[in-house]
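Engineer: Just dropping this structure here.
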Amino acid sequence: MKTALDPRRLLIGASAPVLALLFAVAVTSVVLATAGKDVWLTWQTLLQPQDFRRALVLTINQGTYIFLSALAVAIGFRMNLFNIGVDGQYRMGAFAGAVVGGAVTLPTGIHVVVIILVSMVVSALWAGIAGLLKVTRGVSEVISTIMLNAIATSLIAYMLRRVQVPVAGSNNIGTKPIPGSGRVPGLGLVPGTPAEIYGLVFLAIAAGIAYHVLLNRTRFGFDLRATGRSSTAAVASGVDVKRMVVVAMLISGAAAGLVGMPILLGEAYSYSITFPAGLGFTGIAVALLGRNSPIGMALAALLFGYLNVAANPLQILANVSTEVVAIIQGLILLSVVVAYEVVRRYRIAAEQRRVAREVQEDPVDSDGSGPSPAEVRA
Amino acid sequence: MIAGALVLTGCGGGGNSTSNSTATSSGSSSASKKSDLKIGLAYDVGGRGDQSFNDAAAAGLDKAKSELGVKTQESEATQGEPDSAKEERLRTLASAGFNPVIAVGFVYSAPLVKVAKEFPNTHFAIVDDLAVAPNISNLVFAEEQGSFLVGAAAALKSPAKHVGFIGGVDVPLIHKFQAGFEAGAKTAVPGIKIDVKYLTQPPDFSGFGDPAKGKTAGQGMYDAGADVVFAAAGGSGGGVFEAAKAKGKFAIGVDSDQAKTAAPAVKDVIITSMLKKVDVAVFDFIKSATEGTYNAGPRVYDLKAGGVDYSTTGGKVDDIKSKLDAYKADIVSGKITVPTK
């Protein structure tokens, strides 16, 4: 391995997402043209929001919870666990947080902390079920978390019926609204627009830093990554793999508990039947796109957030249906995966050529200081 | 996806023509030329093409477009979006100069109240919700009254004294259908057995558009001995009709006259439908907008106003029509009060 700051390597590294984006743009344009849409107007509407400042705020807000969702998924990924259950976990957590938050009276600040902790604990326990099933009964977490998502939906619907308060004059029902002391005010960080950024954007940033430190700077993080790479090797070096599976699921679940918080505490104040569902799946896509790196996932979350925000203007101003946004998101994801593979192969081939050239130029180097052909091929 | 391709009629470049569009204040300023009116309409999840609630609103919009010459723009919700996205949809429509803006479904309740405040000169309407603001009209329905009539019809048509209710999604709106249906059935035939089943729980709203789920639930009910099943389940009702056909039993449609709109093979199992005339409400509202005569506040579409009713297509309830019409008269006169939950 050469130094990480080799400009050539950086260039190759950055080329994958850029290539993917260009490819996605090209294919989307073809789709639009085939459907008889105004391709130019579509991109113009997408890239030049009418109210840029508002779009920026909305993008950051969407990015906040999409990022948290990606983080929860990524913790599992690093451990080679596919936690599809983030969706059910965050909804269970947000529902429990909303019920507790609406029922108690606490001083400002403490109230918020209590709601967040309740949500994290409940989400973690819900994820822990899948972890326990995996280590005790060998149930694949893919299957169990999907099942737990469905159970969460029914369980929340059942419990919501028990605690519901009708929303005045509406056919909606929800939990008792959280009082002012449990709300997180928005921040008017962007001048020139009344739209406010979720106060909990800082929670997302802190969670991103915590994720980086936990995985890269602690013994636990090393064990987790080692187990993810090869559980047999991890066992050989003294890691209790079963314990790691359960703990990783608990942490992934606890992170999932944060996903609903910006919406619950910054916008909705109540868990109603219109509370957003499906964010866990967006998180999977964004974790893949961001390659589990906190910066990468943050950028990917903002990109997805921006595309979601653009869906309405696209429909109303450019006459392009919302499905086009889903197509763009899917294409970006697909082409990123392909581009990374292409770039990976190119990098290996380039490395091989370089080494072959060096070996040719310096044929006397046969005492092991240069790489052997076998090493190069590996 | 097909729905997406269909939402493409009307009003091309809304983006460029926004600056000169001055919003007419509600009610007072009038006599706008018919073609000047730009109607914005925001659908619930599913949008145009859901063969149910959203399609009914779309029908009203289409009628307004062809008969009144208004320009229209549609926009639909995506599954799992937050309230801020709904707000943004209404805001984009309002700021692009669409006036009035119609929100279809109670999910727009809270977002609409916020946006209505930001655009005091734009008039809004919301279907199925009582959100309050000086510039919001509420188009609400007495679903329980129409459901009472089809409940009575089901009971009178059941030799086994056993009927069923299949709700699309377990939400308060559909509970109104259930309450009316049960009250009607019990009034017509005291001691009747009523089975109840909901296809999905929120936030899973697929129960309004999944015929396979409807078919399974319908088969279960007919196997358990029910003769007539009321499918208050939007697009899932098609599956219930198939189950009825397979078992040689009967079913009741919802929202539109499904003995006319359902697949030809199953039309003859539909003895009647609970009509909920969202299309009429939407058209009426747009018409009053073109005349500048709309008012804020609720407009209740009940039996009396003809907003809900039962259908007679196919002639399968002709023999009990006099009884049903007697119930109808009693409800209209207030002699019978139908419960809503």
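The values are calculated or read from the model by the stated rules, or taken from the named source; none is laboratory data. This structure is a prediction, so every number in the text was calculated from the model and none was measured. Counting neighbours? That spans all protein chains shown, and the Cβs are built from the backbone with ideal geometry, glycine included.
Engineer: Among the residues of the range A:251-279 satisfying the criterion of being among the small types (Gly, Ala, Ser) and at pLDDT below 95, which is surrounded by the fewest Cβ atoms within 10 Å (Cβ to Cβ)?
Structural biologist: The extreme case among them is A:Gly278.
Engineer: Answer with yes or no whether A:Ile143 is more than 26 Å from B:Thr340 (Cα to Cα) and assigned to a helix (DSSP H, G or I).
Structural biologist: So A:Ile143 fits the description; yes.
Engineer: Grab the helices (runs of 4 or more DSSP H) fully contained in the range A:23-133, keeping just those with 1 or more residues being at pLDDT 95 or above and aromatic (Phe, Trp, Tyr).
Structural biologist: Fully inside the range A:23-133 and qualifying: A:52-78, A:86-103.
Engineer: Residues to consider are B:Pro211, B:Pro202; find the one that is over 23 Å from A:Gln164 (Cα atoms) and not assigned by TED's automatic domain parsing to the domain that holds B:Phe106.
Structural biologist: The match here is B:Pro211.
Engineer: Take the residues of the range B:279-336 that are among the basic types (Lys, Arg) and not in a loop (DSSP other than H, G, I, E, B): which is nearest to the chain's Cα centre (by Cα)?
Structural biologist: It comes out as B:Arg299.
Engineer: Sticking with this structure for a sec: Of all residues being out of contact with any helix residue (DSSP H, G or I) (no Cβ under 7 Å at 6 or more places or on another chain) and in a helix (DSSP H, G or I) in the range A:290-312, which is surrounded by the most Cβ atoms within 10 Å (Cβ to Cβ)? Just the residue, please.
Structural biologist: The selected residue is A:Leu303.
Engineer: On to the next question. What's the number of the condition B:Ser236 fails, among (1) in contact (Cβ under 8 Å) with a residue 60 or more places away in the chain; (2) of a type in the set (Ser, Thr, Tyr); (3) assigned to a helix (DSSP H, G or I); (4) surrounded by fewer than 24 Cβ atoms within 10 Å (Cβ to Cβ)?
Structural biologist: Only one criterion in (1) in contact (Cβ under 8 Å) with a residue 60 or more places away in the chain; (2) of a type in the set (Ser, Thr, Tyr); (3) assigned to a helix (DSSP H, G or I); (4) surrounded by fewer than 24 Cβ atoms within 10 Å (Cβ to Cβ) is unmet by B:Ser236, namely (4).
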